[in-house]
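The values are calculated or read from the model by the stated rules, or taken from the named source; none is laboratory data. All figures in this text were calculated on a predicted structure; none of them were measured in a lab. Methodologically, a virtual Cβ is constructed for each residue, glycine included, from the backbone with ideal geometry; neighbour enumeration extends over all protein chains shown. With ligands, DNA and RNA removed, areas are computed over all heavy atoms of the protein, side chains included. Shrake-Rupley method; radii C 1.70, N 1.55, O 1.52, S 1.80 Å.
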Amino acid sequence: MDPANLRLAIVWVVVVLIYLYGDILRFIAGDFTPGEIDGQPLSQGMMMAMAAMMLMPMLMVFLSTVLPDPINRWANTIVAGFFIVINLVGLPGYPGWYDRFLLVVSMVFNGVTIYYAWTLL
């Protein structure tokens, strides 16, 4: 396997783990009410959207290792850029400093992903 593709896959694994860790901390801290977001009950559509969004970085672990370089470069750039924008928009809405810290760290790793995609591929 190409070392560049492996680096991209590893960065995506780190991003997934950061998101999962944030969810665990949110649950432990009591900042999360099961079945609700901002006091509103979760619908099947909301759950499907969240599942699709969290599946993206997991899929990127795989896709980073199998896509041809030109497509890989753009896929990594678009998905990482999407998550930077989503996290920037959501950043003020999180009450916990730990959540904000983890979102900033995830954005740094998304930036690393874009950098690797354009310098290593």
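Quick check: Cα centre of the stretch 58-121 to Cα centre of the stretch 18-39, how many Å?
Comparing the Cα centres of the stretch 58-121 and the stretch 18-39, I get a distance of 21 Å.
Once the Cβ-Cβ distance between Trp97 and Ile71 is put in as r, and R0 is 41 Å, what FRET efficiency do you end up with, to the nearest 0.05?
Values: r = 38 Å, r/R0 = 0.94.
Efficiency computed from Cβ-Cβ geometry: 0.60.
Quote to one decimal, in nm, the extra length available between Val112 and Val13 on full extension: 0.36 nm per residue of separation minus the C-alpha distance between them. Don't jump to the answer; show the numbers that get you there.
Values: separation 99, 0.36 × 99 = 35.64 nm, distance 1.28 nm.
Answer, rounded to one decimal: 34.4 nm.
Rounded to the nearest 20 Debye, what is the dipole magnitude of the stretch 3-121 about its Cα centre when Lys and Arg each give +1 and Asp and Glu each give -1 at the C-beta? Write down the numbers at each step before the final one.
On the way: 4 positive and 6 negative charges, 68 e Å.
About 320 debye.
Between Met1 and Val105, what is 0.36 nm times their sequence separation minus the Cα-Cα distance? Round to one decimal in nm. Each step should come with its number before you reach the end.
Working: separation 104, 0.36 × 104 = 37.44 nm, distance 2.73 nm.
Between Met1 and Val105, full extension yields an extra 34.7 nm.
If you rank Ile84, Ile10 by how much accessible surface each has, with a 1.4 Å probe, what is the order from largest down? Kindly include the intermediate steps, with their values, before the conclusion.
Details: Ile84 40, Ile10 95 Å².
Result, largest first: Ile10, Ile84.
Using amide H atoms built in the peptide plane, which far-off residues or other-chain residues are under 5 Å from Ile37 H to H?
The list, which skips near neighbours in sequence, is Leu42.
Quick one: Debye curve from the alpha-carbon atoms of the stretch 58-115 only, equal weights, vacuum; give me log10 I(q)/I(0) at q = 0.23, 0.29 Å⁻¹ to two decimals.
The computed values of log10 I(q)/I(0) come out as -0.87, -1.13.
Could you give the nm distance between label points at Ile24 and Met46, where each point is 7 Å from its Cα heading toward the beta carbon?
Simple spin-label model gives 2.5 nm for this pair.
Determine the per residue accessible area of the stretch 1-63 with all protein chains present and a 1.4 angstrom probe, expressed in square angstrom. Walk me through the numbers on the way to the answer.
Details: 4170 Å² over 63 residues.
Accessible area per residue: 66 Å².
Each residue of the stretch 57-68 in turn: what ³J(HN,Hα) in whole Hz from Karplus with 6.51, -1.76, 1.60 and θ = phi - 60°, glycine and Pro shown as x?
x, 5, 5, 5, 4, 5, 4, 4, 9, 10, 6, x
If each residue of separation counts as 0.36 nm, what is the full-extension length gain between Met54 and Leu120 once their alpha-carbon separation is subtracted? The partial results should precede the final answer.
Details: separation 66, 0.36 × 66 = 23.76 nm, distance 2.54 nm.
In short, 21.2 nm is gained.
What distance in nm separates the simple spin-label points at Phe82 and Glu36, each placed 7 Å from Cα in the Cβ direction?
3.0 nm
Averaged over every viewing direction, what's the projected area of the C-alpha convex hull for the chain? Give it in nm², one decimal, please. Mind showing how you got there, number by number?
Details: hull surface 30.0 nm².
Averaged projected hull area, Cα only: 7.5 nm².
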